[in-house]
Amino acid sequence: MLTDPIADMLTRIRNAHSALHKDVKVPKSRIKVALANILKDEGYVDNVEVGDSEIAITLKYDHGRPVISGLKRISTPGRRVYVNSRQIPKVQNGLGICILSTSSGVMDGHSASEKNIGGELLCEIW
């Protein structure tokens, strides 16, 4: 059993990118599906296919280089990090995104600040 399944998902994506794999499969959960869909909507991955027990994520490359250059887990099971709508950070001076778990669901930092909602800061992607 995994202690931190979100960190496991981010690590699988990071390792697949460094090995230049076409796609990566991660075990399915609702929060991972929401994270994968945000990555697709923001243009960091090509496609997300949700199966019965796993999520297949097709990675995106630009001239042979991965589109995702960095993934960082912020809130961990041992140290939860919560922010209000005014404290949502800008990642890489606006070149990246942060993902929050809010009372209205999992969303990126820009959408959360537009809706004036804070929450748990899950990760940063750039």
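Please work out which residue is surrounded by the fewest Cβ atoms within 10 Å (Cβ to Cβ), limiting yourself to region 76-103 and to residues that are of a type in the set (S, T, Y) and either within 27 Å of D46 (Cβ to Cβ) or touching a residue at least 60 places away in the same chain (Cβ under 8 Å) (or both).
Pass one, region 76-103, residues of a type in the set (S, T, Y): 76, 82, 85, 101-103.
Still in the list and also either within 27 Å of D46 (Cβ to Cβ) or touching a residue at least 60 places away in the same chain (Cβ under 8 Å) (or both): 76, 101-102.
Numbers: T76: 13, S101: 19, T102: 15.
That would be T76.
Go through (1) modelled with pLDDT of 95 or more; (2) within 26 Å of S111 (Cα to Cα) and name the single condition S69 misses.
Of everything listed in (1) modelled with pLDDT of 95 or more; (2) within 26 Å of S111 (Cα to Cα), S69 misses just condition (1).
Scan N37, N116 and give me the residue that is within 20 Å of T11 (Cβ to Cβ) and free of Cβ contacts under 8 Å to residues at least 40 places away in the same chain.
So the residue among N37, N116 that is within 20 Å of T11 (Cβ to Cβ) and free of Cβ contacts under 8 Å to residues at least 40 places away in the same chain is N37.
Find the residue count for region 38-65, including only residues that are touching a Leu at 6+ places or on another chain (Cβ under 9 Å) and at pLDDT below 95.
Residues that pass the stated criteria total 1.
Okay, residues lined up against (1) assigned to a strand (DSSP E or B); (2) not acidic (D, E):
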position	(1), (2)
G43	no, yes
D46	yes, no
E49	yes, no
T58	yes, yes
S85	no, yes
I99	yes, yes
M107	yes, yes
S111	no, yes
C123	yes, yes
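Name every residue in region 1-37 that is touching a helix residue (DSSP H, G or I) at 6+ places or on another chain (Cβ under 9 Å) and more than 19 Å from T76 (Cα to Cα), in order of residue number.
H21, K22, D23, V24, K25 - these are the residues of region 1-37 that are touching a helix residue (DSSP H, G or I) at 6+ places or on another chain (Cβ under 9 Å) and more than 19 Å from T76 (Cα to Cα).
Out of all the residues in region 58-67, is one or more among the hydrophobic types (A, V, I, L, M, F, W, C), touching a residue at least 24 places away in the same chain (Cβ under 8 Å) and either in the same structural domain as M107 (by TED's automatic domain parsing) or under 17 Å from E124 (Cβ atoms) (or both)? Write out each step before concluding.
Applying the first criterion (among the hydrophobic types (A, V, I, L, M, F, W, C)) to region 58-67 yields 59, 67.
So of that shortlist, the ones also touching a residue at least 24 places away in the same chain (Cβ under 8 Å) come out as 59, 67.
Applying the additional criterion that residues be either in the same structural domain as M107 (by TED's automatic domain parsing) or under 17 Å from E124 (Cβ atoms) (or both) yields 67.
For region 58-67, residues among the hydrophobic types (A, V, I, L, M, F, W, C), touching a residue at least 24 places away in the same chain (Cβ under 8 Å) and either in the same structural domain as M107 (by TED's automatic domain parsing) or under 17 Å from E124 (Cβ atoms) (or both): present.
On the basis of being over 21 Å from N37 (Cβ atoms) and among the basic types (K, R), does R73 make the cut? First the steps, then the outcome.
Working: over 21 Å from N37 (Cβ atoms): no; among the basic types (K, R): yes.
Judged against the criteria, R73 is not a match.
Taking region 6-43 as the region of interest, how many residues are surrounded by 14 or more Cβ atoms within 10 Å (Cβ to Cβ), within 24 Å of M107 (Cβ to Cβ) and not charged (D, E, K, R)?
Residues that pass the stated criteria total 17.
Please determine whether any residue of region 77-92 is within 19 Å of P5 (Cβ to Cβ) and touching a strand residue (DSSP E or B) at 6+ places or on another chain (Cβ under 7 Å). Steps first, please.
As a first pass, look at region 77-92 and keep what is within 19 Å of P5 (Cβ to Cβ): 77-81.
So of that shortlist, the ones also touching a strand residue (DSSP E or B) at 6+ places or on another chain (Cβ under 7 Å) come out as 80-81.
Among the residues of region 77-92, at least one is within 19 Å of P5 (Cβ to Cβ) and touching a strand residue (DSSP E or B) at 6+ places or on another chain (Cβ under 7 Å), which makes the answer yes.
The values are calculated or read from the model by the stated rules, or taken from the named source; none is laboratory data. All values reported here derive from a predicted model rather than from experimental measurement. We place every Cβ from the backbone using ideal geometry, glycine too, and count neighbours over all the protein chains shown.
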